[in-house]
Each structure stands twice: as C-alpha cells, then as structure tokens.
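Chemist: Got a structure for you, questions after.
Since every read-out is calculated from the coordinates, none of them should be taken as a lab result. This structure is a prediction, so every number in the text was calculated from the model and none was measured. A quick note on method: Cβ atoms are made from the backbone with ideal geometry, for glycine too, and the neighbour counts reach across all protein chains shown.
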Amino acid sequence: MLLSFVGAMFLTNDMAVLTCIPLYLRIARKYDLPEIIPVTAIAIAANFGSALTPFGNPHNIFLMSKFHISLGQFGAWVWPLVIADVVFLALLSSLVPKRTVPTVPVVDIRINPRPTTITCIAALLVFVAVFGVIPQWVAAVVVVALAAMMDHRILGQVDYGIICTFVGFFIIVSDISQIPAVVTTLKHLETNPVSVYLTSIVTSQVISNVPSTVLVARFSNQVAALFYGTNIGGLGTLVASLCNLLSFKQYGLYSRRSKGRFLLFFTIINFVALAIMGALGWWLLVR
C-alpha cells in the first residue's frame with residue numbers, strides 16, 4: 001500500500017496499480033491471504049498518492065499548465081490531503097486480519113542494465129514533454145519506437161480497450177460542451193467555489209476525473225475548487241478514475257475469486273473514502 005502511495009506520486013496512479021496489484025495478488029494466492037480490502041487499499045493509495053504531485057495525475061498537469069499554478073500554491077493545497085490520506089489508509093489497513101507469512105529466502109536478483117536504462121530514458125522524455133521542453137508528439141514517437149526495439153510484443157499487450165474508453169469520454173466532453181443548454185447550465189453553476197467543487201466530483205463519477213477537469217475548466221477559473229473536486233472525485237465509482245478501472249481489470253486477471261464481490265466492496269469502501277475526503281475538501285473551501 002505504501003509502495004503504491006509513494007510510487008503514484010512519481011509514476012502516476014495507473015502505473016502504481018499495474019505494478020502493485022499483480023504483485024500482491026500473486027503473493028496472496030500463494031499464501032491464501034485476504035484480497036478485497038488490500039487490493040482496494042492499494043488502489044485508493046494510488047489515487048491519493050498521485051494527487052500529491054503536479055505530475056502524479058494528468059489533470060494536475062493540465063491545471064498547472066492552464067492556470068499557471070506555482071509549486072508553493074500547489075503545496076499549500078496538498079498538505080491537508082496528505083495528513084487525511086495517511087490517516088484514512090492507516091485505518092483501512094487495520095481492517096485486514098493479520099496473517100503470518102512464511103519467511104521467504106533471499107534470492108540474488110540481477111537486473112539487466114540495458115532495458116532499465118532505456119526505460120528510464122523513455123520516462124524522462126515523457127516528463128520533459130509534459131513540461132513543454134520538447135513537443136509531446138516527439139516523446140510519443142520515441143517511446144513507441146524504443147518499446148518496439150526492446151520487444152515488439154509489448155505493443156500488442158497494451159489494453160487498447162481502456163484507452164478507447166477514455167478517448168470516448170473526451171469525445172463526449174467535446175460534444176456536450178457545445179450544447180447550448182449544457183453551456184448555460186455550467187456557466188450558472190461555476191460561479192462560486194462550492195458549486196465548482198460539487199460539479200467536479202459529480203461529473204467525475206460519470207465521465208472520470210480527467211475529462212471532468214477539462215470540461216469544468218472551460219467554464220470556471222475557481223482553480224482550488226477544481227483541484228480538490230477532481231482529485232477527490234477520483235474516488236467513488238469504477239469509472240471515476242482510470243486507476244479504478246485498471247484495479248478492477250488487474251483483480252480479474254490475477255485473482256480466482258469473485259469479481260462481483262470485489263466490485264461491491266471496492267465501491268462501498270471508495271464511497272466511504274469519497275464521503276470523508278469530500279467533507280474535508282468542502283471544509284477547506286469554505287473555512
């Protein structure tokens with residue numbers, strides 16, 4: 001859970017769950033450990049951790065770029081969330097029954113420096129492109145080319161279904177933002193921080209928090225409310241964040257237990273987290 005939390009701060013929440021959930025589920029299957037609460041905790045930790053850095057979430061990058069938010073201002077918004085996040089995750093982890101795991105013998109693992117170096121270069125190019133140092137299309141082409149050179153089968157293992165789902169969300173955002181009735185409604189709603197905050201959370205539950213950020217930002221300059229609403233709005237439904245969808249997908253791939261039961265408890269715990277963090281965000285805006 002802590003690895004997911006910290007990893008998401010630097011590698012995004014999506015990469016954190018793609019790494020940590022399969023790792024945990026392989027161990028859980030081998031030693032018959034609990035799965036639902038730990039996997040949910042890993043996913044929520046990834047959502048929380050990614051909100052704490054400008055590049056942990058795509059919508060944080062968008063907000064930093066569009067509204068020219070300083071690092072000092074970003075830090076001032078983030079620190080109350082850090083404290084609340086750590087407390088909530090500690091309470092959630094305490095619900096997992098303690099089990100004794102057999103001592104695993106230490107194995108001497110050798111890491112091949114060539115693919116590690118190439119991967120680090122690719123990640124660095126992406127970060128540089130995000131901050132506008134080089135064109136984003138250049139980074140995309142180079143990363144795809146490097147992946148193909150290392151192992152062309154990697155490109156066939158990409159989950160294009162989820163990518164297309166989110167492309168669809170952005171198309172929907174583009175379409176509905178041109179409907180006069182929607183434009184008028186959003187312009188009236190986005191006049192104060194609380195309405196921006198609530199709109200961001202509600203729309204995130206339906207179209208995910210990244211498209212929601214793009215949609216609401218067209219009609220409002222209440223940046224703090226938009227920041228809190230879209231980051232907290234990643235909790236809740238399965239589509240509230242790409243991280244949630246990926247978590248469910250990884251559970252289905254690596255667990256032999258009921259996906260329906262997992263989805264039920266995953267959703268309940270997420271909405272509890274949304275209620276708690278949502279109340280905190282409200283208080284931070286109106287205090």
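Chemist: At a 10 angstrom cut-off on C-beta neighbours, averaged per residue, how do the peptides 40-46, 207-213, 92-98 rank from highest to lowest?
Modeler: Values: 40-46: 28.3, 207-213: 25.6, 92-98: 11.7.
Sorting 40-46, 207-213, 92-98 by mean packing, highest first, produces 40-46, 207-213, 92-98.
Chemist: Sum up the charges of everything whose Cβ sits under 15 Å from the Cβ of V158, counting Lys and Arg as +1 and Asp and Glu as -1, but leave V158 out.
Modeler: Taking every Cβ under 15 Å from that of V158, the sum is -1.
Chemist: Applying a 10 Å radius around every beta-carbon, put 79-91, 51-63 in order of their mean neighbour count, most first.
Modeler: Highest-to-lowest ranking by the protection proxy: 51-63, 79-91.
Chemist: Quick one: Karplus J couplings for region 100-116, per residue in order, coefficients 6.51, -1.76, 1.60, θ = phi - 60°, nearest Hz, x for Gly and Pro?
Modeler: 8, 9, x, 5, 9, x, 6, 10, 6, 9, 9, 9, 6, x, 5, x, 5
Chemist: List the relative contact order of region 214-287 as a percent without decimals, with contacts defined as Cα pairs under 8 Å and 6+ residues apart.
Modeler: The normalised contact order for region 214-287 reaches 38 percent.
Chemist: How large is ³J(HN,Hα) for each residue in region 62-68, as worked out from phi by the Karplus curve 6.51 cos²θ - 1.76 cosθ + 1.60 (θ = phi - 60°), to whole Hz, x for Gly and Pro?
Modeler: The phi angles translate into 4, 5, 4, 6, 6, 9, 6 Hz.
Chemist: Right, next: For region 42-52, take each phi angle, set θ = phi - 60°, evaluate the Karplus expression 6.51 cos²θ - 1.76 cosθ + 1.60, and give the result in whole Hz per residue in order, putting x for glycine and proline.
Modeler: Using θ = phi - 60°, the values come out as 4, 5, 5, 4, 5, 4, 5, x, 5, 6, 8 Hz.
Chemist: May I pose another question? Counting pairs of alpha carbon atoms under 8 Å apart in space and at least six apart in sequence, what relative contact order in percent does the chain give?
Modeler: Over the chain, the number comes to 21 percent.
Chemist: Still on this model: Relative contact order for region 1-82: what is it in percent, counting Cα pairs under 8 Å that are at least 6 residues apart?
Modeler: Once divided by the residue count of region 1-82, the mean separation gives 35 percent.
Chemist: I would also like to ask the following. Among L253, L23, what is the fewest-to-most ranking by other Cβ atoms within 10 Å?
Modeler: Values: L253 10, L23 15.
Neighbour counts put them in this order, fewest first: L253, L23.
Chemist: Quick one: Debye curve from the alpha-carbon atoms of the chain only, equal weights, vacuum; give me log10 I(q)/I(0) at q = 0.08, 0.14, 0.15, 0.16 Å⁻¹ to two decimals.
Modeler: The Cα Debye sum returns log10 ratios of -0.36, -1.11, -1.25, -1.38.
Chemist: Could you work out the helix-only [θ] at 222 nm for the chain, with each DSSP H run of four or more residues adding -39,500 (n - 2.57) and the total divided by the number of residues, to the nearest 500 deg cm²/dmol? Please list the in-between numbers first.
Modeler: Working: 13 runs with 213 residues, N = 287.
Theoretical 222 nm ellipticity from helices: -24500 deg cm²/dmol.
Chemist: Another question, if that's okay. To test your reading of the geometry: what angle, between 0 and 90 degrees and rounded to tens, separates the Cα axis of helix 71-93 from the longest principal axis of the chain?
Modeler: Here the helix axis deviates by roughly 50 degrees.
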